[in-house]
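Novice: Submitted below is the structure of interest, expressed as structure tokens.
Please treat every number below as a calculation from the coordinates, not as lab data. As the structure is a prediction and not an experimental result, all values here were calculated from the model. Reconstructed Cβ throughout: ideal geometry from the backbone, glycine too, with neighbour counts over all protein chains shown.
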2 protein chains.
Amino acid sequence: MTTLLGHNYIGGGRSANGTLQLQSLDATTGDALPGTFFQATEAEVDAAASAAAAAYPIYRNLSAEKRATFLNAIADEIDALGDDFVATVCRETALPAGRIQGERGRTSGQMRLFAKVLRRGDFYGARIDQVLPDRQPLPRPDLRQYRIALGPVAVFGASNFPLAFSTAGGDTASALAAGCPVVFKAHSGHMATAEWVADAVIRAAERTGMPAGVFNMIYGGGVGEWLVKHPAIQAVGFTGSLKGGNTLSQMAATRPQPIPVFAEMSSINPVIILPQALKLRGERIAAELSASVTLGCGQFCTNPGLIIGLGSAQFSAFLEQFGAIMHEQPAQTMLNAGALVSYSHGLGLLHEHPGLTHLAGKPQQGVQAWPQVFKADVSLLLNGDELLQEEVFGPTTIVVETRDQAQLIAALHGLRGQLTATVIGEPEELLEYRWLTELLQEKVGRILLNGYPTGVEVCEAMVHGGPYPATSDPRGTSVGTLAIDRFLRPVCFQNYPDALLPEALQNANPLNIQRLVNGVSTREALG
Amino acid sequence: MTTLLGHNYIGGGRSANGTLQLQSLDATTGDALPGTFFQATEAEVDAAASAAAAAYPIYRNLSAEKRATFLNAIADEIDALGDDFVATVCRETALPAGRIQGERGRTSGQMRLFAKVLRRGDFYGARIDQVLPDRQPLPRPDLRQYRIALGPVAVFGASNFPLAFSTAGGDTASALAAGCPVVFKAHSGHMATAEWVADAVIRAAERTGMPAGVFNMIYGGGVGEWLVKHPAIQAVGFTGSLKGGNTLSQMAATRPQPIPVFAEMSSINPVIILPQALKLRGERIAAELSASVTLGCGQFCTNPGLIIGLGSAQFSAFLEQFGAIMHEQPAQTMLNAGALVSYSHGLGLLHEHPGLTHLAGKPQQGVQAWPQVFKADVSLLLNGDELLQEEVFGPTTIVVETRDQAQLIAALHGLRGQLTATVIGEPEELLEYRWLTELLQEKVGRILLNGYPTGVEVCEAMVHGGPYPATSDPRGTSVGTLAIDRFLRPVCFQNYPDALLPEALQNANPLNIQRLVNGVSTREALG
């Protein structure tokens, strides 16, 4: 078993200069776990960012192949984390062992997927415009472009995915793939988990000869501000609350040198159920939707928090079935005591609001979260009521009934940006409602037909992003291989001799990558 | 000749509800040109943004082919603007007719280049991960991704390129190509020029059946704030001063819904001259560099404002030659009276600074700008002196002499982000100084070897961007075809029937575009 030191990870070493020591709590019992964690001092945060800055020119210049080897080594180390590790994660998060084992595979899998991206080489975005010496009135010089790492990246992990969106999660994987050293701020909800994973990353870095400082990790509350404001940090990845993401974005925008922030924040993930589907399979939809709302105690970014239908006898029947199923769902333990407090508070606001009716769910009490269903008057969406738009993190959802298509359109226009939208409908009615999927494109990052949003596949085509407030920048995704784009920027080389060009742009195309040469996509070498 | 109405362009119509009327001035004489321009009211700015928002769902859904036809029609209309037009631009900007004729061709040329990009289809970023029904433990759904237009874009043009970076310039062209309707804020330095070009765009839009509101233009000072803060606006393109760009960026970041800003702002474009090149061709370099510094009265974003060399007898001789040539360069008329005031003010600060010495140039006086050369102590770069880092817009440059390589490295580390850096050296010494080009990659968007930065080719591989303060976002370029990326965002479609997918993602690949299918780049149709 890993011995937990609780020291910060700085430039390949460990450091515990602070006096404030933190404890990690068992999410189920509230008991302190063994060991303490040293909150980073301002000097330690500076040292971590400086170590990342020192690693940057070395690490970004390693071949993509070498970075791929590093990512694969991290994946192997994570896969090798055994039952002791899983038990620790379960204690810190109250998530079941099966889920953690699955998430371990997802986390190593996404490292391996980014290694594939590095070997494929399309992330370079290589473009070559060859010299045109005889062009009139002026010759065109030789111009070549590829993308390089932005610089050291600060990553803030999420509470709800202690592995896949945390220490070695998607933001870390995509930043490391891009060639950016990382300073990771450990989530205070799973500091022991973070230490196990950081150890795995460091072992992989040492084994594959990476520069010290390629990965750093700091503990503590409030230390993130020092990190985001540090001049060496060139971008921020964040998964968490709207308030937290907004705060970091403002810090980043008001630095002497503003930097980009990719914050994945708040989404209520509307599910729209069309009439024919309700008629033919309303009961099944009620069961499936209930499972999606309560999955993992509703603690998913893509949890369906809003269910929209057209008023009808079928929809009323569906609501009864859905409410009945939800009412019978058991309470579950949340990720930590703070999450339960927030959930109870959020439910309180929904109960108090005059535009909402409680449809189903046992009274919220005790140490676990009880699933709930509310119904909101459509006017709340039409008038952009804030309460309906804010994610209540936990196993609850709100139903909205619209009178007709015109009101459905108006209600959807009232929605803010979302990670996902789901439409459940029969094949013919989906074609009939084509306008609906067109409209939803303008609101979300991903549209699902006849599925449920709570599965986020790690693949090439995934978008886990969307317009604000789903994220702080709709042009990115934090899941899937396109996530690497967030940490790259283009550089152009004019009139370079072949020997000075990076391999990705050399005439012979030694990396055998797809390039845009004089406007044509090709793998061919240049004469 | 176009009749100048001076009314704002809103949703395909013209509007002049304001009471404030503005006049455009002859840049050489200061005389008012005929006609007046109506400053937009807040309601007119709202109407313009709303017209763009109304056009958005229609325009973004037009086929790429139709948008390409529109861009080509704009190009034709711009090419057809004749001698009257050129004379107007010359009066408003004091730029010579030959330059304006060239810029007209560059402006229509970049519209045609974006039309090619639309037809090639790589801007879609199409990615397909096909369903894996038998995958364990869970099947993978079918997932497909492409990129859609962000939404209405506000564009602020530059004074120094009244055509190529203005009304129908690079930002407008790339936003329209992406499928984003545009609201253009006419530059007060060339409002008549803006009207000629806006008329050309509107004629093209009408001729090709574009939705009303695809292009709008407003006049006035201070109206930009209403525009950037308008909820319909989803991104901003800007070319201008650091102060202006920072102000817009802050406005955009503090909106209820923050939006991205691409501001191209301030760059001093260092030129580093290596010893062997100085020895072999110092005199030629002095002449060429002088031509680059004074080209277009030094009013280029890529004007070389900093010349760095290693102290030596050759470098001293070079400085004498360079100073002598610069001293003999004639004064030129600037773009407008304000530019001359700024130039004189900037020179004043350089004269006053104790760390700077005036090397060459006739006293700044009269109504034209006189070329100047200053020499700065290297300590100003080492200590990050603000004055040395700020662009002085006009025909002046600052020389810095470094003692040795170590001091050169330290000085370059002191540089802020730049659009360009140039290295002049002999083939062998460029290889010897490989570390220099590696270091410069971290500072700039484009590195030129043995050239001068004042030509910015419009092509696939160009990067006219770079780290702050060169731009507000180092991941973009405002020249070249990659500029379209700034105005696109990815959307993912899960479990879609073929008939509901956009053409770019349909199985048969009807657009015959390059796509990433199951991790492989291909044009093949799917079975």
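Novice: Starting from the Cα gyration tensor of segment B:86-130, multiply each eigenvalue by 5, take the square root, and state the resulting semi-axes largest first in whole Å.
Specialist: 38, 9, 6
Novice: Another one. Can you give the Rg/Rh ratio of segment B:245-362, where Rg is from the C-alpha atoms and Rh is the Kirkwood radius?
Specialist: 1.08
Novice: Dipole size in debye (nearest 20) for segment B:270-449 around its Cα centre, Lys and Arg Cβ +1, Asp and Glu Cβ -1?
Specialist: 280 debye
Novice: Rounded if a/c is under 1.5, else prolate if a/b beats b/c, else oblate: with a ≥ b ≥ c from the C-alpha gyration tensor eigenvalues square-rooted, which is segment A:185-229?
Specialist: oblate
Novice: Can you tell me the FRET efficiency between residue A:203 and residue B:87 if r is taken as the Cβ-Cβ distance and R0 is 51 Å, rounded to the nearest 0.05?
Specialist: Once rounded, the FRET efficiency stands at 0.10.
Novice: Sticking with this structure for a sec: Count neighbours as other Cβ atoms within 10 Å of each site's Cβ, and list the GluC sites (Glu not before Pro) in segment B:276-373 that are DSSP loop with at most 16 such neighbours.
Specialist: B:328
Novice: To two decimal places, what compactness ratio does segment A:4-102 give when its Cα radius of gyration is scaled by 2.2 N^0.38 Å?
Specialist: Expressed relative to 2.2 N^0.38 Å, the Cα Rg reads 1.35.
Novice: Using a cut-off of 12 Å between beta-carbons, work out the net charge of the residues near residue B:190 (Lys and Arg +1, Asp and Glu -1, residue B:190 not included).
Specialist: Once positives and negatives cancel, what remains is -3.
Novice: Moving to a separate point now. Specify, per residue and in Å³, the volume enclosed by the convex hull of the alpha carbon atoms belonging to segment A:163-293.
Specialist: About 160 Å³ per residue, rounded to a whole number.
Novice: Run the dipole for segment A:1-130 about the Cα centre, Lys and Arg Cβ at +1, Asp and Glu Cβ at -1, nothing else charged, and hand back the magnitude in debye, nearest 20.
Specialist: 640 debye
Novice: How much net charge surrounds residue A:276 when only the other residues with a Cβ under 12 Å from the Cβ of residue A:276 are counted, with Lys and Arg +1 and Asp and Glu -1?
Specialist: Around residue A:276, the surrounding residues sum to -2.
Novice: Over the Cα atoms of segment B:443-507, what Rg and Dmax result, in angstrom?
Specialist: 17.6, 55
Novice: Just want to confirm a number: the relative contact order over chain A, from Cα pairs under 8 angstrom separated by 6+ residues, in percent.
Specialist: Contact order relative to length: 17 percent.
Novice: Work out the charge dipole of chain B with +1 on the Cβ of Lys and Arg and -1 on the Cβ of Asp and Glu about the Cα centre, then indicate which of B:315, B:329, B:269 is farthest towards its positive end.
Specialist: The Cα lying farthest towards the positive end belongs to B:269.
Novice: On to the next question. Please work out whether chain A counts as rounded, prolate or oblate from its C-alpha gyration tensor, where a ≥ b ≥ c are the square roots of the eigenvalues and a/c under 1.5 means rounded, while otherwise a/b larger than b/c means prolate and anything else oblate?
Specialist: In terms of gyration-tensor shape, oblate.
Novice: Can you list the lysines whose alpha carbon is less than 26 Å from that of residue B:185, not counting same-chain residues fewer than 8 positions off?
Specialist: Cross-link targets: B:66, B:229, B:243.
Novice: With labels modelled as points extended 7 Å from the Cα through the Cβ direction, what inter-label distance (nm, one decimal) is found for residue B:523 paired with residue B:138?
Specialist: If labels sit at residue B:523 and residue B:138, their model points lie 3.7 nm apart.
Novice: Which of B:456, B:25, B:96 sits closest to the plus end of the dipole of chain B, meaning its Cα is farthest towards the positive end, when Lys and Arg get +1 and Asp and Glu get -1 on the C-beta?
Specialist: The residue sitting farthest along the positive end of the dipole is B:456.
Novice: Eigenvalues of the Cα gyration tensor times 5, then square-rooted: what semi-axes does that give for segment B:364-488, in whole angstrom, largest first?
Specialist: Calculated on Cα positions only, the semi-axes equal 25, 21, 15 Å.
Novice: Here is a further query. Identify the trypsin sites (Lys or Arg not before Pro) of segment A:1-88 meeting these criteria: DSSP loop state and at most 11 other C-beta atoms within 10 Å of the C-beta.
Specialist: Filter output for segment A:1-88: empty list.
Novice: Take the alpha-carbon centre of segment B:408-463, take the same for segment B:201-237, and report the distance between them in whole Å.
Specialist: So the two Cα centres are separated by 36 Å.
Novice: Take the alpha carbon atoms of the protein assembly as shown, find their radius of gyration, then divide it by 2.2 N^0.38 Å using N residues; give the quotient.
Specialist: Compared with the compact-globule rule of thumb, the protein assembly as shown sits at 0.95.
Novice: Further question on the same structure: Which of B:356, B:410, B:293 sits farthest toward the positive end of the charge dipole of segment B:270-449, with +1 on the Cβ of Lys and Arg and -1 on the Cβ of Asp and Glu?
Specialist: Final value for the positive-end residue is B:293.
Novice: Starting from the Cα gyration tensor of segment B:350-405, take the square roots of the eigenvalues, sort them a ≥ b ≥ c, and report rounded, prolate or oblate (rounded when a/c is under 1.5, otherwise prolate if a/b is larger than b/c, else oblate).
Specialist: prolate
Novice: Let me ask something else about it. Residue of A with Cβ nearest the axis relating A to B, plus distance in whole Å?
Specialist: Closest Cβ on chain A to the axis mapping it onto B, in Å: A:253, 2.
Novice: If you place +1 on the Cβ of every Lys and Arg, -1 on the Cβ of every Asp and Glu, and leave all else neutral, what size is the dipole of segment A:139-213 about its Cα centre, to the nearest 20 Debye?
Specialist: 300 debye
Novice: Out of the DSSP beta bridges found with both residues in segment A:270-449, what percent are antiparallel (nearest 5)?
Specialist: Around 20 percent of the beta bridges assigned by DSSP in segment A:270-449 are antiparallel ones.
Novice: At what distance in angstrom do the alpha carbon centres of segment A:361-375 and segment B:244-284 lie from each other?
Specialist: So the separation of the two Cα centres works out to 55 Å.
Novice: Over the Cα atoms of segment A:270-449, each weighted equally, I'd like the Debye log10 I(q)/I(0) at q = 0.13, 0.17 Å⁻¹, rounded to two decimals.
Specialist: Per q value, in the given order, log10 I(q)/I(0) is -0.61, -1.07.
Novice: Right, something else. Please give the FRET efficiency for residue B:320 paired with residue B:352, using the beta carbon to beta carbon distance and R0 = 25 Å, rounded to the nearest 0.05.
Specialist: About 0.55, to the nearest 0.05.
Novice: Where does segment A:8-66 land on Rg(C-alpha)/(2.2 N^0.38 Å)?
Specialist: The value comes to 1.57.
Novice: For residue A:14 and residue A:66, FRET efficiency with R0 = 35 Å and r from the beta-carbon atoms, rounded to 0.05?
Specialist: 0.90
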